[in-house]
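The values are calculated or read from the model by the stated rules, or taken from the named source; none is laboratory data. Bear in mind the structure is a predicted one, so any value in this text is a computation, not a measurement. A quick note on method: Cβ atoms are made from the backbone with ideal geometry, for glycine too, and the neighbour counts reach across all protein chains shown. When the accessible area is computed, the model is the full protein with side chains, heavy atoms only, and any ligands, DNA or RNA have been set aside. Shrake-Rupley method; radii C 1.70, N 1.55, O 1.52, S 1.80 Å.
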Amino acid sequence: RKNGVYGIINLEVYKNLLLEFTGRGETVSTLPGAGTIFYPSASLGYKFTDLVNADFLNFGKFRLSYGEVGIEASPYATSTVYGPGGIGSSWGDGLDGSLYGNPFTQSSTRGNPDLKEERKREFEIGFDTRMFDSRLSLGATYYSNATEDVILALPTVPSSGFSSSLQNAAKISN
């Protein structure tokens, strides 16, 4: 279950400077100890068309933005769970858990109460232009994004009784 609040503020200054600020606060049931998680974003745009005295230029704008989003853990990832399963055998002796009341077994993945949400951060800068009565458009963008605290099921030692454990264990970037 997820509950959230979202807010946005848009500003225009002198018809050339455009600002936008947003924020989202969430509480998620899959991370019970996390409290409210806040994801900010902001963008800035500047229309430079009026500064350039050229007849061929119909529109020009620089833009800059930053934002964050999150991915929460799957349900029950913070706990080690039990589920229907049972005992099986590869010897062909007919040992089947459903014949003996369908016992519950412990998950082979150990839950982690210290999990955090994955957080993706993106930065972008660019420009857009339209020229020659908007017959030619030119735009360029540079961006960089990185996801931190990626949740992975890492292998554990067999003597622990688990085959894997969930961890915030990776960083991925473009």
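Assorted remarks:
- Just one residue in the set Glu12, Glu68, Glu20 is touching a residue at least 40 places away in the same chain (Cβ under 8 Å), surrounded by 11 or more Cβ atoms within 10 Å (Cβ to Cβ) and either closer than 24 Å to Ala140 by Cβ or not aromatic (Phe, Trp, Tyr) (or both); that residue is Glu68.
- Residues in the range 36-65 that are in a loop (DSSP other than H, G, I, E, B) and open to solvent by less than 40 Å² (accessible area, probe 1.4 Å): 3 in all.
- Qualifying positions in the range 81-94 - open to solvent by less than 70 Å² (accessible area, probe 1.4 Å), in a loop (DSSP other than H, G, I, E, B) and modelled with pLDDT under 80: Gly85, Gly86, Ser89, Gly94
- Identity of the residue in the range 143-155, within 18 Å of Arg110 (Cα to Cα) and open to solvent by 40 Å² or more (accessible area, probe 1.4 Å), that ends up farthest from the chain's Cα centre (by Cα): Pro155
- Any chance Gly7 is loosely packed, with under 11 Cβ neighbours inside 10 Å, modelled with pLDDT of 90 or more and either within 26 Å of Tyr142 (Cβ to Cβ) or not charged (D, E, K, R) (or both): yes
- Reported count of residues in the range 38-75, each being farther than 21 Å from Val5 by Cβ and of a type in the set (Ser, Thr, Tyr), is 4.
- If you go through the range 113-135 and keep only what is under 19 Å from Leu31 (Cβ atoms) and assigned to a loop (DSSP other than H, G, I, E, B), you end up with Pro113, Asp114, Leu115, Lys116, Glu117.
- Glu124 meets the conditions (1) modelled with pLDDT under 95; (2) open to solvent by less than 60 Å² (accessible area, probe 1.4 Å) in every case but one. The failed one is (1).
- Flag for Thr105 being open to solvent by less than 60 Å² (accessible area, probe 1.4 Å), touching a Ser or Thr at 6+ places or on another chain (Cβ under 6 Å) and either farther than 28 Å from Ser41 by Cβ or touching a residue at least 12 places away in the same chain (Cβ under 8 Å) (or both): no
- Filtered residue count, the range 127-136, keeping only those that are out of contact with any Phe, Trp or Tyr (no Cβ under 6 Å at 6 or more places or on another chain) and surrounded by 15 or more Cβ atoms within 10 Å (Cβ to Cβ): 2
- Per-region count, the range 157-172, residues open to solvent by less than 40 Å² (accessible area, probe 1.4 Å) and not in a strand (DSSP E or B): 1
- The one condition in (1) under 24 Å from the mean Cα position of the chain (by Cα); (2) under 30 Å from Arg135 (Cβ atoms) that Gly67 fails to fulfil: (2)
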